1. So how do 11, 55 line up by other beta-carbon neighbours within 10 Å, fewest first?
2. Quick check on the exposure proxy: order 9, 47, 32 from fewest to most C-beta atoms within 10 angstrom.
3. Under a point spin-label approximation (7 Å from Cα along Cα-to-Cβ), what is the residue 27-residue 48 distance to one decimal in nm?
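What follows draws every value from the coordinates through simple rules; no lab data is involved. As the structure is a prediction and not an experimental result, all values here were calculated from the model. For neighbour counting, all protein chains shown are included, and Cβ atoms are generated from backbone atoms with ideal geometry for every residue, glycine included.
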Amino acid sequence: MVVWHNIDSITHRVVLNDGTLDTGNLNPGASSQPMAINTGGGPYHCSIHPSMVGTIVPATTASPSLYSVR
């Protein structure tokens, strides 16, 4: 599970490159709902700002991880 929190001053939208996760638009200060990552992670990008990229690395804990989008 993963939860995204936008700590930036502009809207972002996190999408796994394989299309299995899409947060929808996250306005400044907003958080996504907890989302299951069925593929075990992988590369992602902001669909609004395609140069913003990263990789989700699976954790060994059962609680949701909190990722900040900036």
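1. Values: 11 15, 55 10.
So the residues, fewest neighbours to most, are 55, 11.
2. On the way: 9 8, 47 15, 32 20.
Going from least to most buried by this count: 9, 47, 32.
3. Using points 7 Å along Cα→Cβ, the separation is 1.1 nm.
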